[in-house]
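Report on one structure; see the data block that follows.
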Amino acid sequence: MNRIKLLMLACAALIISSCGDSPVEQVSKKMSMADIMTNPGFSWFDSERQLYNEDTLTVKKIKTDLNVSNYKFVLFVKPSCSCPGTHKTFPGFYKILADAGVNDNQMEIYSMPSIEAKQPYDSMFVISELPAFYVFKNNVPVYSIMDTVYFNQNNGIKYPDNMEEALYEALKK
């Protein structure tokens, strides 16, 4: 009799657990800089942007030597990021772009809850870490800033090993 009760209890638990909601598909959300500045999930952005110490010599070289108007910059970021390193990366890269003469209309910024979230460029590349910054020329991705920086830093490659140098190299493509 106990076996029958146990079996019935197991069946009931299985039925109840199978009635749960199916997982919600995560999607990215395109945001303007005005959206970023007013979104509570990015409340840290402005102060971190102001604190970022850029490589001004390289940024000046980008602005004077290269034509940034031929490019589009696609940024994938995570709101409410408490990660110490990446928390500074997005504001720093935005500051580099702005100081190099890139207009906001040349940028697409996507807020993503995770790297698995759907985004408009899924067919072109896979995002492995957030934040992720891509440089496009003629609507084709030609360079991944953060993948390059992380790869070079992890493998002892000295150049480019920061966002400014990687952007300078990307804009030669």
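All of the numbers you see were taken from the coordinates with simple rules; none came from a lab. It should be emphasised that the depicted structure is a prediction, and the values quoted were computed from it without experimental measurement. Please note: Cβ atoms are built from the backbone with ideal geometry, for glycine as well, and neighbour counts cover all protein chains shown.
Putting +1 on Lys and Arg Cβ atoms and -1 on Asp and Glu Cβ atoms, find which of TYR159, SER123, VAL135 reaches farthest to the positive end of the dipole of segment 26-170. The residue sitting farthest along the positive end of the dipole is SER123.
Dividing the alpha-carbon radius of gyration of segment 26-170 by 2.2 N^0.38 Å (N being the number of residues), what value is obtained? If you can, show how the numbers build up before the last one.
On the way: Rg = 14.3 Å, N = 145, 2.2 N^0.38 = 14.6 Å.
In units of the globular-protein estimate, segment 26-170 measures up at 0.98.
When DSSP beta bridges are restricted to pairs lying wholly in segment 47-162, around 65% turn out antiparallel.
If we sort 51-59, 165-173 on the protection proxy, mean other Cβ atoms within 10 Å, highest first, what's the order? Can you show the working numbers first?
On the way: 51-59: 14.2, 165-173: 19.4.
Descending mean neighbour count gives 165-173, 51-59.
Annotation for segment 37-77 versus segment 121-157: alpha-carbon center distance of 16 Å.
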